[in-house]
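Worksheet: one structure, shown below.
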Amino acid sequence: MPKIKIDGVEGEFENGMTLLQACEQMGKEVPRFCYHERLSVAGNCRMCLVEVKGGPPKPQASCAMSVNDLRPGPNGEPPEVFTNTPMVKKAREGVMEFLLINHPLDCPICDQGGECDLQDQAMGYGISKNRFHENKRAVEDKDFGPLVKTQMNRCIQCTRCVRFTTEVAGITDMGLIGRGEDVEITTYLDRIITSELQGNIIDLCPVGALTSKPYEFKARPWELRKTETVDVMDAVGCNIRVDVRGREVLRILPRTHEDVNEEWISDKSRFVWDGLRTQRLDQPYVREMGKLRPASWNEALSRAAQKMKAAGAGRTGILLGDLVSAEEAFSLKELAMKLGINNIDCRQDGTPLGEHGGRAGYIFNSTIAGIEEADAIILVGSNPRLEAPVLNARIRKRVARGGCFVGVIGEKADLTYKYTHLGAGTETLTRLAELVPDKAQKPMIIIGQGALARPDGAAVLALAAKSAAAIGVVRGDWNGFNILHTAAGRVGALDVCALPGEGGLNAGAIVAAAGKGALDVVLLAGADEIDMQALGTSFVVYIGSHGDAGAHRADVILPGAAYTEKTATYVNTEGRPQLALRAAFPPGDAREDWAIIKALSDELGAGLGWSNIDELRAAMYRVAPQLAAINSVAKADADALSELSAGEGRTEKTGFVSPVKDFYLTNPIARASRIMGDCSALKSGRKMKAAE
């Protein structure tokens, strides 16, 4: 490894490291605009200039020069780099002066609001006066769609946005046109951006050229209270920061977590915040004479308890939705056990997960970061671009590095990277071993809910386990058998075993039994994705935060808290428990869901044995100790997967189809969001226009 002196201090660096990275490693700050650690090197802003001793008599761009490019001294001395000489200072001041020639200097009205690299570096490395007095050029603003607002007069052509959309998001919608002073960033043929990750270019933009259109003129950063929490729009568990003013969420930004989301989040995670305050349930309701009317908590809880007592354990069912936290799932399971209710299920989509194969049978065993180690990836019944865009970007990252075979069994879709379409359904899955390259040392199979949420889901899961074993997905320390969930609360609910008891009904059977009159009461805990009409005349108790399908069907509504309004544990698809912290308070008389379940249990006379969240968690950790290790992935027993392979059943010949039809409208919060509605309408309109 080469040795280099940086400002007189010698250090040893890895081969291929850039001078900028070497300086950062030695604690030397180097300004930059175009350089970003996760994007290719452009070298076009020239702000990262340093002086190289023995090199050309001019400063060098540190982002584009490797430590291996430097020559030693005449007597073999280590090369020297300087970051603070008069030459460097003068060069950086000149670059900053040029960058500000055409910048409008409209900081007071800019939505960057002080969160601006250009502003910071102009203060640190610029000069106090600009010597250019010519008229500034004007650039027409572009229409990138309903999410990203453009002020192209501010653009300094760093091309971060272009490189992100091309390299990470995998689309070719953006580019640089023109030459010299006429150069500008635009979308091809003035189209809108079509990526589910486009909001990340707002964070990447070092100036105010790209800002959040929905957040425009809403607030200033110093007005906001910032809370680090976890996203629940999919099962990846992206780390986010929620910014709140008063009781209102105004912005959601990503946090860096190398093993989960790196520093990206999907557009649904970023822009769903307006759905947190619309269509909210802020007080209890009971249905009388066919209409819902407001009620007190005592009346609503009493009515629900009265009906559940009258129905008895055998004629009561409990369904858990996609956004329930581990604490809520555990509370409901304990309540069901106290009352003797065996009809409880957290899999409202009807998958067979959790019944066999232990924990390894329902988590993403290789971990999300493990995707980068795989040399063969088989997607079965999954469209990760719609189900988990950030995870899809991780697959693209691995494919771009080369040496990775990607095969798809299911529908053909634009996944933003090249893949081989192996087939449509179970017939292809049966002969998977013939289709995967023999040389693959770390093969991975990713089974989506499109393959499992079918009447033959159990048989498909067994077949997938057999096929996975045939291609050797479990080898030594490598376990490439992966389940990709679409629901943020599913793994946590499976961990606390919120599943049917002995002789109990699963989700599909609960709905069918209610429709036939075999169940008198159905308790829906945020379960909005089932056919409400199929519940027949059963009495429905709904616990949830939004007035979605479940609330419209309910006979008693107990208003709960959204994910930003409670401190709760969510377990992502790889089995990593993460703590979501409360950023705001529920509106009106709404309560946290675990407190509602506790109050209902007291009304039913079934004491749950705890009175606060800490006692609840202590009890939960005794049942599922892996949940106590926050932000750690407990390795599952791969030997238990043999139970899945032993499963039997007849598979259907129909092809696998992703359960996500509309990326923007997958849960009650998203459906309440006007921003998500606009995105969905725009996407549907584009499809209709193309069909014409």
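The values are calculated or read from the model by the stated rules, or taken from the named source; none is laboratory data. Fair warning: this is a prediction, and the values are worked out from it, not measured in the lab. Neighbour counts run over all protein chains shown; Cβ positions are idealised from the backbone, glycine included. These accessible areas exclude ligands, DNA and RNA; they are computed on the full protein's heavy atoms, side chains included. Shrake-Rupley method; radii C 1.70, N 1.55, O 1.52, S 1.80 Å.
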Being surrounded by 17 or more Cβ atoms within 10 Å (Cβ to Cβ), among the acidic types (Asp, Glu) and over 17 Å from Ala493 (Cβ atoms) is the filter here, so list the residues in region 593-640 that pass it. Glu603
Would you confirm whether any residue within region 215-230 is open to solvent by less than 50 Å² (accessible area, probe 1.4 Å), under 30 Å from Asp143 (Cβ atoms) and not in a loop (DSSP other than H, G, I, E, B)? yes
Restricting region 386-403 to residues that are farther than 12 Å from Gly170 by Cβ and either touching a Ser or Thr at 6+ places or on another chain (Cβ under 6 Å) or not charged (D, E, K, R) (or both), which is surrounded by the fewest Cβ atoms within 10 Å (Cβ to Cβ)? Gly402
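Identify, please: which residue in region 619-656 is among the small types (Gly, Ala, Ser) and more than 28 Å from the chain's Cα centre (by Cα) and is, among those, modelled with the lowest pLDDT? Don't jump to the end; show me each part of the working.
Taking region 619-656 as the starting set, the residues that turn out to be among the small types (Gly, Ala, Ser) are 619, 624, 628-629, 632, 634, 636, 638, 640, 642, 645-647, 649, 655.
Imposing the further condition that a residue be more than 28 Å from the chain's Cα centre (by Cα) reduces the set to 619, 640, 642, 645-647, 649.
Details: Ala619: 95, Ala640: 90, Ser642: 89, Ser645: 83, Ala646: 81, Gly647: 76, Gly649: 80.
Within region 619-656, the match that is modelled with the lowest pLDDT is Gly647.
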Residue pairs qualifying under the 6 Å Cβ cut-off, at least six apart or on distinct chains, with the first in region 381-392 being over 24 Å from Ala458 (Cα atoms) and without any contact (Cβ under 8 Å) to a residue 24 or more places away in the chain and the second being assigned to a loop (DSSP other than H, G, I, E, B) and open to solvent by less than 10 Å² (accessible area, probe 1.4 Å), are none
Scan of region 328-340 for residues that are under 24 Å from Glu643 (Cβ atoms) and either part of a loop (DSSP other than H, G, I, E, B) or in contact with a Gly (Cβ under 7 Å, 6 or more places away or on another chain) (or both), ordered by number: Ala329
For region 329-336, state whether one or more residues are of a type in the set (A, V, I, L, M), out of contact with any Pro (no Cβ under 8 Å at 6 or more places or on another chain), surrounded by 24 or more Cβ atoms within 10 Å (Cβ to Cβ) and more than 19 Å from Pro586 (Cα to Cα). yes
Among the residues that make up region 84-105, is at least one of them modelled with pLDDT under 95, at positive phi, aliphatic (A, V, I, L, M) and open to solvent by 60 Å² or more (accessible area, probe 1.4 Å)? yes
Give me the pairs, please: first residue somewhere in region 665-687 and on the phi < 0 side of the Ramachandran plot and part of a helix (DSSP H, G or I), second residue anywhere and of a type in the set (Val, Ile, Thr) and buried (at least 22 other Cβ atoms within 10 Å of the Cβ), beta-carbon distance under 7 Å, and either six or more positions apart or on two chains. Ile669/Val272; Ala670/Val272; Met676/Val272
Checked region 9-36 for anything out of contact with any strand residue (DSSP E or B) (no Cβ under 8 Å at 6 or more places or on another chain), among the charged types (D, E, K, R) and part of a loop (DSSP other than H, G, I, E, B); matches are Glu14, Glu29, Arg32
Can you pull out every residue in region 341-392 that is in a loop (DSSP other than H, G, I, E, B), more than 21 Å from Met233 (Cα to Cα) and touching a Lys or Arg at 6+ places or on another chain (Cβ under 7 Å)? Ala374, Asp375
Looking for something crowded, with 24+ Cβ neighbours inside 10 Å, of a type outside the set (Val, Ile, Thr) and in contact with a Phe, Trp or Tyr (Cβ under 7 Å, 6 or more places away or on another chain) - is there at least one such residue anywhere in region 518-526? yes
For region 500-515: of the residues being crowded, with 16+ Cβ neighbours inside 10 Å and not aliphatic (A, V, I, L, M), which is farthest from Leu320 (Cα to Cα)? Gly515
Here the residues within region 115-135 that are open to solvent by less than 40 Å² (accessible area, probe 1.4 Å), under 13 Å from Gly208 (Cβ atoms) and either β-branched (Val, Ile, Thr) or part of a loop (DSSP other than H, G, I, E, B) (or both) are Cys116
Could you figure out which of (1) open to solvent by 70 Å² or more (accessible area, probe 1.4 Å); (2) touching a helix residue (DSSP H, G or I) at 6+ places or on another chain (Cβ under 6 Å) isn't true of Glu652? (2)
Within region 90-112, can one find any residue that is over 23 Å from Cys158 (Cβ atoms), in contact (Cβ under 8 Å) with a residue 12 or more places away in the chain and either assigned to a helix (DSSP H, G or I) or of a type outside the set (Gly, Ala, Ser) (or both)? no
Inside region 418-449, the number of residues satisfying the requirement of being closer than 24 Å to Thr573 by Cα, part of a helix (DSSP H, G or I) and open to solvent by 10 Å² or more (accessible area, probe 1.4 Å) is 0
Could you please give the count of residues in region 16-46 that are open to solvent by 40 Å² or more (accessible area, probe 1.4 Å), at pLDDT 90 or above and either of a type in the set (Val, Ile, Thr) or more than 20 Å from Cys155 (Cα to Cα) (or both)? 10
Which of the residues that make up region 262-310 are hydrophobic (A, V, I, L, M, F, W, C) and closer than 30 Å to Ala393 by Cα? Trp264, Ile265, Phe271, Val272, Trp273, Leu276
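Could you tell me which residue of region 146-157 is nearest to Pro214 (Cα to Cα), considering only residues that are part of a loop (DSSP other than H, G, I, E, B) and in contact with a strand residue (DSSP E or B) (Cβ under 9 Å, 6 or more places away or on another chain)? Reasoning before the result, please.
Kept after step one, since they are part of a loop (DSSP other than H, G, I, E, B), are these residues of region 146-157: 146-147, 151, 155-157.
Next, from what is left, pick out any that are in contact with a strand residue (DSSP E or B) (Cβ under 9 Å, 6 or more places away or on another chain): 147, 151, 155, 157.
Working: Leu147: 6, Gln151: 15, Cys155: 20, Gln157: 24 Å.
The residue in question is Leu147.
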Test each condition in (1) among the aliphatic types (A, V, I, L, M); (2) more than 23 Å from Glu387 (Cβ to Cβ); (3) not in a loop (DSSP other than H, G, I, E, B) for Val207 and report the one that comes out false. (3)
